[in-house]
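See below for the structure under consideration.
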Amino acid sequence: QVQLVESGGGLVQPGGSLRLSCAASGSIGSIVAMGWYRQAPGKQRELAAWITSGGNAVNADSVKGRFTIPRDNAKNTVYLQMNSLKPEDTAVYYCNSLPTIKNYWGQGTQVTVSS
């Protein structure tokens, strides 16, 4: 069974960049779509960006033009490149399939955007 491990979070100033990684213990090539989700304090988890196995990527309106979601099937890894970060991007970021699979949820990685 695939396990997903997120990494790359941290503290960054507004306008800065971070690159998150989602490493899978098994092959993600058969997973139709992979997504990055985020949950801010006191808010529901939301889907920020996703990418299909064919490489078609879609971003939520809140991150459009700032985030990209490269996918490397050979390395079984999905990334989230975050640029022009804003304080409202502060959240715990998770990766999962789309639709989500309960057993795929990992610990997430904290991203804090603050001066």
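The values are calculated or read from the model by the stated rules, or taken from the named source; none is laboratory data. Everything quoted here is computed from the prediction, not taken from an experiment. Positions of Cβ are generated from backbone atoms using ideal geometry, with glycine treated the same way; all protein chains shown enter the neighbour counts. We work out accessible area using only protein heavy atoms, side chains counted, and drop any ligands, DNA or RNA first. Shrake-Rupley method; radii C 1.70, N 1.55, O 1.52, S 1.80 Å.
Things worth noting here:
- Search result, residues across region 29-48 that are hydroxyl-bearing (Ser, Thr, Tyr) and either in contact with a Lys or Arg (Cβ under 8 Å, 6 or more places away or on another chain) or not in a loop (DSSP other than H, G, I, E, B) (or both): Tyr37
- Considering (1) farther than 27 Å from Gln1 by Cα; (2) surrounded by 15 or more Cβ atoms within 10 Å (Cβ to Cβ), the lone condition that Ile31 does not fulfil carries the number (1).
- Selection count where residues are open to solvent by 20 Å² or more (accessible area, probe 1.4 Å), in contact with a helix residue (DSSP H, G or I) (Cβ under 9 Å, 6 or more places away or on another chain) and part of a loop (DSSP other than H, G, I, E, B), scope region 3-28: 3
- The numbered conditions (1) free of Cβ contacts under 8 Å to residues at least 24 places away in the same chain; (2) open to solvent by less than 60 Å² (accessible area, probe 1.4 Å) are all true for Val92 except (1).
- Selection from region 95-108 of residues that are open to solvent by 70 Å² or more (accessible area, probe 1.4 Å) and among the β-branched types (Val, Ile, Thr): Ile101
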